[in-house]
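Report on one structure; see the data block that follows.
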Amino acid sequence: MKKRILAFAAAVMVLALSLCVFSLAAVKPETRQVPRLVDKANLIDEADEKRLLERLDSLSEQYQFDFVAATVKTTGGKEIVEFSDDYFDYNGFGYGKDDSGVALIISMNPRIVYISGCGEGTKYFDYGDAQEIIDVFYGDLKAGNYATVVDTFIDEAQRSVEFGRNGVPFSYRFQTLLPNWMVTLLAPVVIGIALAFATVSFMTKGLKSVRKKESAADYVVPGSMRLTRNEDVFLYSNVSKSAKVQDSSDSSSGSSYGSSGTHTSSSGNSHSGGGRSF
């Protein structure tokens, strides 16, 4: 009887301990638990990793907004949205009462990149913003230039927060298609064309004697042209062929993940974001 009681007590203790450990694991820590750059998939060399971490730390302290990046070998069976949100929340990232920040997650199995905004970050990193940022570094991501990917993410994320806080509308797509050097180069050309068009328009208004002719006959002096011979001559035949275009889906840009608006993570934080396979 005593053995049964002891066995039952031991089982209760093990169950209680398991529940305790589980509850502790599910509690969101109040302080940051890991560096702002973690390269678990070993995609970035040591020198770049150190440099990128310094950039992330510096900007996070400057803006009081956590800029985070991580590479992982696998999401452990979790959906990328859930994994990215939990990575940010349960590693203690985020500034202020709403844990503001943004995280870039690069998973190698499955091969998905995801950007998760939290707190204030939900204003600057919705689904569309995330997709446009990914557009900027997607070529480097496909080419395996992961340090460049993180560098570009930091640049674009900083700009998004800066412009967002100052109330300045910002389009990543416009920034990508027309970088600053191109705007500087094209501006004088556009202004020159506009001025030339205005000048020519002004000059042509003074040509009162010029009138439009309705047909070629209006330009011929009556009685000055006679046709003495008329014949049709076949010169050659030219036949061109082209293959019929088949409908196909373009998978080069990868499948998209995430949805518009915000959602609540398992920790209770408000998140936004979007991702793509590569």
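Structure data summary
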{"read-out": "Where region 14-151 is the region considered: accessible area per residue in Å², 1.4 Å probe", "value": "46 Å²"}
{"read-out": "Cleavage-rule hits, GluC sites (Glu not before Pro), region 53-155, DSSP coil, Cβ neighbours within 10 Å at most 11", "value": "none"}
{"read-out": "Restraint check, LYS50/LYS123; LYS50/LYS142; LYS40/LYS97; LYS28/LYS142, Cα-Cα greater than 25 Å", "value": "LYS50/LYS123; LYS40/LYS97; LYS28/LYS142"}
{"read-out": "Surrounding net charge for GLY274, when Lys and Arg each add one and Asp and Glu each subtract one, Cβ distance under 10 Å", "value": "-2"}
{"read-out": "Relative contact order computed over region 77-158 (Cα-Cα under 8 Å; 6+ residues apart), in percent", "value": "21 percent"}
{"read-out": "Amide proton proximity set for TYR257, modelled H, under 5 Å, gap of 5+", "value": "GLY275, ARG276"}
{"read-out": "Separation of alpha-carbon centers, region 148-170 and region 55-134, rounded to whole Å", "value": "14 Å"}
{"read-out": "Gain on full stretching of the segment that runs from ASP45 to THR31 - 0.36 nm per residue minus C-alpha separation", "value": "2.3 nm"}
{"read-out": "Inter-label distance, nm, simple model (7 Å from Cα along the C-beta direction), MET108/GLU61", "value": "3.1 nm"}
{"read-out": "Low-density loop cleavage sites - trypsin sites (Lys or Arg not before Pro) in region 54-109, where at most 13 other Cβ are within 10 Å (DSSP)", "value": "LYS73, LYS97"}
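The values are calculated or read from the model by the stated rules, or taken from the named source; none is laboratory data. Here the structure is a predicted model, which means the values were calculated and not measured. In this analysis, Cβ positions are derived from the backbone assuming ideal geometry, glycine residues included, and neighbour counts consider all displayed protein chains. Note: accessible area is taken over every heavy atom of the protein model, side chains too, but ligands, DNA and RNA are not part of it. Shrake-Rupley method; radii C 1.70, N 1.55, O 1.52, S 1.80 Å.
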